[in-house]
1. Being in contact with a strand residue (DSSP E or B) (Cβ under 6 Å, 6 or more places away or on another chain) and either free of Cβ contacts under 8 Å to residues at least 24 places away in the same chain or among the aliphatic types (A, V, I, L, M) (or both) is the filter; apply it to the stretch 122-133 and report the residue that is farthest from Phe63 (Cα to Cα).
2. Could you tell me whether any residue of the stretch 53-63 is in contact with a Ser or Thr (Cβ under 8 Å, 6 or more places away or on another chain) and among the hydrophobic types (A, V, I, L, M, F, W, C)?
3. Take Ile188 and decide whether it is in contact with a helix residue (DSSP H, G or I) (Cβ under 7 Å, 6 or more places away or on another chain) and among the β-branched types (Val, Ile, Thr).
4. Exactly one of these conditions fails for Ile212: (1) modelled with pLDDT of 95 or more; (2) more than 22 Å from Ser171 (Cα to Cα); (3) among the hydrophobic types (A, V, I, L, M, F, W, C); (4) surrounded by 14 or more Cβ atoms within 10 Å (Cβ to Cβ). Give me its number.
5. Given the condition part of a loop (DSSP other than H, G, I, E, B), among the aromatic types (Phe, Trp, Tyr) and closer than 21 Å to Ala151 by Cβ, answer yes or no: does some residue in the stretch 205-212 qualify?
6. Which of the residues spanning the stretch 71-86 are assigned to a helix (DSSP H, G or I) and surrounded by fewer than 16 Cβ atoms within 10 Å (Cβ to Cβ)?
7. In the set Thr99, Thr50, Thr89, which member is over 19 Å from the mean Cα position of the chain (by Cα), polar (S, T, N, Q), more than 30 Å from Val177 (Cα to Cα) and surrounded by fewer than 18 Cβ atoms within 10 Å (Cβ to Cβ)?
8. Got a number for residues in the stretch 190-204 being hydrophobic (A, V, I, L, M, F, W, C) and over 21 Å from Asp14 (Cα atoms)?
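The values are calculated or read from the model by the stated rules, or taken from the named source; none is laboratory data. The shown structure was predicted, so the numbers you read here are calculated from the model rather than taken from an experiment. Cβ: placed from backbone, ideal geometry, glycine included. Neighbour counts: every protein chain shown.
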Amino acid sequence: MIKGIIFDYGGTIDTNGIHWSEVIWQQYLAAYVQISKEEFREAYVHAERTLGKNRIIEPEHTFHRLLELKIAIQADHIATMGIEIDESTRETIVEGCYTQVKETIEQSCKIVRELSDRYPAVLVTNFYGNMPVVLKEFSLDKYFRTIVESAVVGIRKPDARLFALGVEALSLAPEEVIVVGDSYRKDIFPALSLGCKAVWLKKLCWEEEPVIPGAEPTAIISDIAHLPEIIEKL
């Protein structure tokens, strides 16, 4: 019987299964940035590594500010390829991403609220150290017993210890906990290795993630709206 839930954040609650690279790429296209997807992906990876290695995101930064910094790092890297993205276009990309996330979270929030009324919930996420501010920004802060954030605890997914901290925060046995995430490698497999159940929110991934035989997800869904009925059956 399920007694508690661990949610991933990025790619799960905020985009409903769409990898963040795809969210941003669509806004590049909408802004008519003349760049190939391969060039964009290089810039995306560069920005993520830069943010991971350097303290650029501060604890007080909102998600809007995070997007501004992330797009700026991408654009500066793209400039080294001889492609300039002016300030107005950068702002257009940021606003497009932010609007999409805000609209998606309004829908996801209904599911999170419904489930958190029935089960204690914890957030386990690879994030930049400002997760509490972001949750408050989107009125999600009241639904989680605690936040286990990679930049704060010094452990990143796919390390299963991050999820172990989430299970510990719930004061439950792993088999009583279900994990919900958008990545098989970073969310589903680590959760299953601990003995948790795991629901893979799979819609638009960075790349195909093969399932390891013997470590199949408890369920695969394409919309977070399907989560309550899945949990009800377990």
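1. Val122
2. For the stretch 53-63, residues in contact with a Ser or Thr (Cβ under 8 Å, 6 or more places away or on another chain) and among the hydrophobic types (A, V, I, L, M, F, W, C): present.
3. No, not satisfied.
4. Failed condition: (4).
5. From the stretch 205-212, those part of a loop (DSSP other than H, G, I, E, B) are 205-212; that's our starting set.
Subset that is among the aromatic types (Phe, Trp, Tyr): 206.
Then keep just the ones that are closer than 21 Å to Ala151 by Cβ; that gives 206.
Checked against the condition, which is being part of a loop (DSSP other than H, G, I, E, B), among the aromatic types (Phe, Trp, Tyr) and closer than 21 Å to Ala151 by Cβ, the stretch 205-212 yields at least one hit.
6. Asp76, Ala79
7. Only one candidate passes the filter, namely Thr89.
8. Summing the residues that are hydrophobic (A, V, I, L, M, F, W, C) and over 21 Å from Asp14 (Cα atoms) in the stretch 190-204 gives 3.
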